[in-house]
1. Go through (1) part of a loop (DSSP other than H, G, I, E, B); (2) modelled with pLDDT of 95 or more; (3) of a type outside the set (Ser, Thr, Tyr); (4) touching a His at 6+ places or on another chain (Cβ under 8 Å) one by one and return the number of the condition residue 115 breaks.
2. Across the stretch 107-123, what is the number of residues that are touching a residue at least 40 places away in the same chain (Cβ under 8 Å) and surrounded by 15 or more Cβ atoms within 10 Å (Cβ to Cβ)?
3. Residues of the stretch 259-280 being outside any helix (DSSP H, G or I) and under 19 Å from residue 221 (Cα atoms), which ones?
4. Can you work out which of the residues in the stretch 224-258 that are of a type in the set (Phe, Trp, Tyr) and in a helix (DSSP H, G or I) is nearest to residue 159 (Cα to Cα)?
5. Given 99, 81, which one is closer than 21 Å to residue 239 by Cα and assigned to a helix (DSSP H, G or I)?
6. Which members of the stretch 186-229 meet the condition of being of a type in the set (A, V, I, L, M) and over 15 Å from residue 137 (Cβ atoms)?
7. Would you please name the residue that is nearest to residue 220 (Cα to Cα), looking only at residues in the stretch 242-258 that are surrounded by fewer than 17 Cβ atoms within 10 Å (Cβ to Cβ) and in contact with a Leu (Cβ under 9 Å, 6 or more places away or on another chain)?
8. Just checking, does the stretch 52-70 include any residue being more than 18 Å from the chain's Cα centre (by Cα) and farther than 29 Å from residue 22 by Cα?
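The values are calculated or read from the model by the stated rules, or taken from the named source; none is laboratory data. Note that the structure is a prediction, hence the values are computed from the model and not measured. Please note: Cβ atoms are built from the backbone with ideal geometry, for glycine as well, and neighbour counts cover all protein chains shown.
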Amino acid sequence: MDPEILLRLTVPHDDINGVLASVPRGDARRELERHVTAFTGAMGRPGQRFDIPEEAVEEYGPYFYVHVYLETLPHARAYHRERGVPDEVSWATLRDLGRHMAVHRRRHDAPGLNAPWWPQLHFRGMLYQLGRLQFERAELGETIAAGITGLPHRAGDPVLSVHIPDFLGPMSPQACDDSFARAKAFFAEHFPHEEHSLAVCFSWLLDRQLGAYLPGSNIAAFQERFREAYSVPGNGLIPFVYGRDLPPDELPRRTALEKVVADHLAGGGSWHLTAGYAPL
């Protein structure tokens, strides 16, 4: 394995030797090939996500799924070339693998891959990094479709699902404007057979309580892009805000966002995951 490829995928320097020393063999190799076959067989096909049994990490080591994606890499690159995806977008998308390794180390202080099922979207040609934001080719789900008003959309229609990655600086209105503009042009050029006229987002960042607490913030501006379809209770924002999962009574208050999150919970409040939609 070429260490330069690992560097190009932004694999953290602390992990490179571990990855090079843990190439799967025997049963681990057969399990790896099973995943690669599934991913490549569904290359570019929306509406399908594969379960990733995390027990394989316990059995085959923390870098097992890193190797699965490294083996899928040539197929992902070939698919990008077939669709005419520019090299800079291709590599910007695929190097999210290293970012998720960095997120895992920050959250757990140990080597591994955070949410090992997630990079399948990048490596199956479903998700693309376009500036500050990521956009996933997806199908409109029934729950969010039921919450859309005033727009002619049905469950199963093609949509772009918006994701906000860590470690890429502020999500300023200008940066988000640029990403949305790039996405509209990118998918029209490289996936002209799919009509993407709607963006959706399911995130703790769309909880309107945050916008009320932080008027004028980047979070409030991001929320204004979307209409709310539905909202469900869930304090899943804690590892995103604090870098790891912590008990509510141990949350620090180092930034304005941290203070808002901690004080709201301390006062008996709860947070929500919100699904939003926006015409493109």
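1. Just one mismatch for residue 115, condition (2).
2. Selection size over the stretch 107-123: 10.
3. Here is the first cut: in the stretch 259-280, the residues outside any helix (DSSP H, G or I) are 267-280.
Selection gives 271, 272, 273, 274, 275, 276, 277, 278, 279, 280.
4. First, pick out the residues of the stretch 224-258 that are of a type in the set (Phe, Trp, Tyr): 226, 230, 240, 242.
Those still in the list that are in a helix (DSSP H, G or I) too: 240, 242.
On the way: 240: 25, 242: 30 Å.
Filtering first and then ranking leaves 240.
5. Details: 81 fails: closer than 21 Å to residue 239 by Cα.
Residue meeting the stated conditions: 99.
6. Just the residues of the stretch 186-229 that are of a type in the set (A, V, I, L, M), to begin with: 188, 198-200, 205-206, 210, 212, 214, 219-221, 229.
Matches in the stretch 186-229: 205, 206, 210, 212, 214, 219, 220, 221, 229.
7. For the stretch 242-258, the residue satisfying everything is 256.
8. The answer is no, given that none of the residues of the stretch 52-70 is more than 18 Å from the chain's Cα centre (by Cα) and farther than 29 Å from residue 22 by Cα.
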